[in-house]
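A.B. asks: After the structure tokens below, expect a handful of questions from me.
The values are calculated or read from the model by the stated rules, or taken from the named source; none is laboratory data. The model shown is predicted, which means the values in this text are computed figures rather than measured ones. Using ideal geometry, Cβ is built from the backbone for each residue, glycine included, and neighbour counts are taken over all protein chains shown. Calculation scope for accessible area: heavy atoms of the full protein, side chains included, ligands and nucleic acids excluded. Shrake-Rupley method; radii C 1.70, N 1.55, O 1.52, S 1.80 Å.
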Amino acid sequence: MKTSRGLLFCLAALALPLTAAVADETCNSPYLARLIKGQEDYLHVWTLGVAGMGDGADKLVTVDVHPKSPKYGKVVDVLSVPGRGEAHHMGFSDDRRYLWAGRLDDSKIFIFDVGTDPAKPKLVKTISDLPGKSGYIGPHTFYPIPGRMLVGTLSNARDHGGATGLAVYNNQGDYVASYAIPTAMPGGEKGDGYGYDIAVNPARNVMLTSSFTGHRNYMTELGKLIADPAAMKQFGNTMVLWDFKSMRPTKVFNTPGAPLEIRWSLNEGDNWAITASALTSRLWLVRQDERGEWQARDVAPIGDPAKTPLPVDISIAADGKSLWVNTFMDGKTRLFDLRDPAAPKQVYEKVTGKQVNMISQSWDGKRVYVTSSLLANWDKGGADNEQFLKLFSWDGKELREQWKIDFTKEALGRAHHMKFSAKPTGMASVNAAGSADRGLASPR
């Protein structure tokens, strides 16, 4: 584990409580400034390249999503990066001027300027030193904190297994520190060391990380992987609770079946988070018990777990009262009532594609975006290999498709992660606590 004086100063500032956040996408870091309060103007889609399709490269695809625009629902920019390296997730820098996007295979990180002109992003830096600096590979989650980017990884450079950690970069794209996800705690508690998502609750000075699998597994064809009993044992079964100020792990939760995305309730006064386990198809709740101890509980099934619907992404409502869940194998989008987070109830479902992956809802909950690709070697084949971006409206009763972009027909590739952006007139500055070392200069 490596650290620095500057990082500790920054993290000390981060432990300060924040006022209630007002944000556009409900999965964003509470430290993200310049938040969209109304209608998003653009949607950026980090897209996997496909050999023989267009230029074959991974790319950032920008779509105009403002309903009053003459280009509504149309691709307005395509920015390719060299090669194909399993494009996966993205995250804004804390000032929202830059979008960081990672690749799970070659571990490269691309920094795009989306603040100057969000309709035409520009690639300003490529980071290639993650394996050499940290020993970790497979950059997955990009979680902004003041002046820094927390990068959650999936694997390691030593054996390409699941034991991994967190890397920290400054806003200029320079490596700062790294932290191993624990395999053992001082009291003898065991962990598996696996990683996936990151989510921070500043008011409680706690951070949660979840777990998935290593490079050997996520780069293997899904059918072959499922047929290998030894490989199927190499999936994460834990979440870790951290003291965020000190970046010290304090507790390991047993959460079988690869818990993926983590969402803290954004409702003022709530202090709980929820996640979905992919292989066991369960919702898990993390919150304090009557003694103030943090606990993780299995609180509900997602579909029929025996059929392995494979929940892959979740999106929590801004008031914390409902949760969208996408399940890859059956192509369904489900809605759960979270008014009692200890007993979620499914209240709606709809087939939104032959395969579905990411889901992002607007802050007002009226717009729901869905993409299709999970991993290049895990996506379905033949007619089930749909590759799309869809927008649905939600009126509280029914999802209604507004438009669809066929990424295969447009020779764009496999649509994966999404992020919203807006023209400067559509944004409002929000003062986030912990402004130390914001590092607003352009990345080198």
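A.B. asks: Which net charge results when you count Lys and Arg as +1 and Asp and Glu as -1 among the other residues whose beta-carbon is under 14 Å from that of D106? Provide the component values of the computation, followed by the final result.
C.D. replies: Details: positive: R84, R103, K108; negative: D58, E86, D105, D129.
Net of charged neighbours comes to -1.
A.B. asks: Grab the other residues whose beta carbon is less than 12 angstrom from that of F392, score K and R as +1, D and E as -1, and report the net.
C.D. replies: Summing Lys/Arg as +1 and Asp/Glu as -1 gives +3.
A.B. asks: Additional query: Can you tell me, using C-alpha contacts under 8 Å and at least 6 residues apart, the relative contact order of the chain as a whole percent?
C.D. replies: Numbers: 1286 pairs, mean separation 77.6, N = 444.
Relative contact order for the chain comes out at 17 percent.
A.B. asks: Hey, of [x] 45, 26, 22; [y] 28, 25, 24; [z] 36, 25, 19, which did the structure itself give for semi-axes √(5λ) of the Cα gyration tensor in Å when calculated?
C.D. replies: Computing semi-axes √(5λ) of the Cα gyration tensor in Å and matching it to [x] 45, 26, 22; [y] 28, 25, 24; [z] 36, 25, 19 gives [y].
A.B. asks: How large is the convex hull of the C-alpha atoms of region 79-161 per residue, in Å³?
C.D. replies: In region 79-161, the Cα hull volume divided by residue count equals 85 Å³.
A.B. asks: What does the charge count near M219 come to, summing +1 for each Lys or Arg and -1 for each Asp or Glu among other residues with Cβ under 14 Å from its Cβ?
C.D. replies: Summing Lys and Arg as +1 and Asp and Glu as -1 gives -3.
A.B. asks: How far is the Cα center of region 72-112 from the Cα center of region 337-416, in Å?
C.D. replies: Cα centroid of region 72-112 versus Cα centroid of region 337-416: 20 Å apart.
A.B. asks: Can you tell me how region 227-372 classifies by the Cα gyration tensor, rounded, prolate or oblate, using a/c under 1.5 as the rounded cut? It would help to have the intermediate numbers written out before the result.
C.D. replies: Working: a/c = 1.81, a/b = 1.14, b/c = 1.58.
Oblate is the answer for region 227-372, as a/c is 1.5 or above yet b/c matches or exceeds a/b.
A.B. asks: Kindly flag which residue pairs out of K108/K354; K233/K345; K125/K245; K354/K404 have an alpha-carbon separation exceeding 20 Å in this structure.
C.D. replies: Details: K108/K354 30 Å; K233/K345 30 Å; K125/K245 29 Å; K354/K404 14 Å.
Going by Cα-Cα distance, K108/K354; K233/K345; K125/K245 fall outside the 20 Å limit.
A.B. asks: Kindly report, to the nearest 10 Å², the accessible surface of L260 as traced by a 1.4 Å probe over protein heavy atoms only.
C.D. replies: Counting only protein heavy atoms, L260 exposes about 10 Å² to solvent.
A.B. asks: Roughly how far apart, in whole Å, are the Cα centres of region 298-331 and region 37-56?
C.D. replies: The distance from the Cα centre of region 298-331 to that of region 37-56 comes to 24 Å.
A.B. asks: So for R103, R297, R287, what's the accessible-area order with a 1.4 Å probe, most first?
C.D. replies: Working: R103 5, R297 120, R287 85 Å².
From most accessible down to least: R297, R287, R103.
A.B. asks: Give K37/K419; K190/K224; K68/K321; K74/K419; K71/K409 a once-over and call out the pairs whose C-alpha atoms are over 22 Å from each other.
C.D. replies: On the way: K37/K419 15 Å; K190/K224 29 Å; K68/K321 30 Å; K74/K419 16 Å; K71/K409 18 Å.
Flagged as over cut-off: K190/K224; K68/K321.
A.B. asks: On to the next question. Write out the GluC sites (Glu not before Pro) in region 270-378 meeting two conditions: DSSP loop, and at most 16 other Cβ atoms within 10 Å of their Cβ. It would help to have the intermediate numbers written out before the result.
C.D. replies: Values: sites: E290, E293, E349; in loops: E290, E293.
Qualifying residues, ordered by number: E290, E293.
A.B. asks: Of the accessible area of the chain, with the probe set at 1.4 angstrom, what percent is carbon plus sulfur? Spell out each step's value before the answer.
C.D. replies: Working: 8380 of 16600 Å².
Ligands and nucleic acids excluded, carbon and sulfur reach 50 percent.
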